[in-house]
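The next block holds one structure in the form of structure tokens; read it before the comments.
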Amino acid sequence: MVSELQDQDTALQGAIIAAGRGERLRRGGEDIPKPLVKLGGEPLLARQARAMIRAGARSVVAIVNSETASIIDREKIALPNELSFMVRDTANSMESLLALGEKLRAGNFLLTTVDAIISDAEFEKFIVASSALIAKNDRRGFDAVLGVVKWRGDKKPLFAKVSENREIVALGGDETPMVTAGVYLLPSRIFDFADQARRAELSALRRFLAMLIDQGLRLGAVELADAIDIDEAADLAAARAAVKERR
């Protein structure tokens, strides 16, 4: 548990984007929605929620699609008591994030994707470091913070151009040494840009984050030692091996 964070905010909100079907993973043999694929003996959705709770979140809300919700209900899948979920068949990850905004109160919140696998130690490191970077009446502070890791050749990464003072000055585009890790500390005021993003016909979380930079928000970066983004069967195998090794 992050005692330092508890002193700052005893009601940290957690949010999980888990509304996708995981098509590439299904083609690799996992014929269920990605949030329900098991890692370390429990579904990714439950595992991610527990990780956020251990890191200090008092409540977690996840967005899942109707197929996932139906299976959870039919199979009576156990989920943490602190986790609630909303059911929405969204068109893309940006719309999933904007839908989560309907359930989050004003203030900062911790966001992850359901398939971003990070160790407890790295999760805690991110929260402590990102909390220190978030702007608190300090013009030099950051409005939001993204976890980043060194790129190791994974497919379809979101490259992050990070300056010497740990500011993310660009997302996407040219190859850079760092890529996003799927964990974020964000302010609820990002939802003020929802209409603008839709008018621009943005279709992914990564494009929405890039738009925030264009709108003048300062995004900081916290480098993590490692993170595995589970998109394909090989990623799942790597995550299972990493979890087994930690044990």
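The values are calculated or read from the model by the stated rules, or taken from the named source; none is laboratory data. Being a predicted model, the structure only gives us computed values, none of them experimental. FYI the Cβ positions are ideal-geometry reconstructions off the backbone, even for glycines, and counts take in every protein chain you see. Note: accessible area is taken over every heavy atom of the protein model, side chains too, but ligands, DNA and RNA are not part of it. Shrake-Rupley method; radii C 1.70, N 1.55, O 1.52, S 1.80 Å.
Miscellaneous remarks
- With all protein chains in place and a 1.4 Å probe, the accessible surface of the chain carries 46 percent carbon and sulfur.
- Inter-probe distance in nm under a simple model that places probes 7 Å from Cα toward Cβ, at Trp151 and Arg54: 3.1 nm
- Fraction of antiparallel bridges per DSSP, the chain only, in percent to nearest 5: 50 percent
- Ala242-Asp195 pseudo-label distance in nm [points 7 Å out on the Cα-to-Cβ vector]: 4.1 nm
- In terms of its C-alpha gyration tensor, the chain comes out rounded, because the ratio a/c of the largest to the smallest axis stays below 1.5.
- As a rough guide to protection, the peptides 195-201, 162-168 ranked by mean Cβ packing within 10 Å, highest first, stand as 162-168, 195-201.
- Accessible surface, per residue, of the chain when the full set of protein chains is kept, probe 1.4 Å, Å²: 48 Å²
- Here the simple spin-label model places points 7 Å from the Cα toward Cβ, and for Ala132 and Asp73 these points are separated by 4.6 nm.
- Evaluated over the Cα positions of region 82-190, the convex hull gives a direction-averaged projected area, one quarter of its surface, of 8.3 nm².
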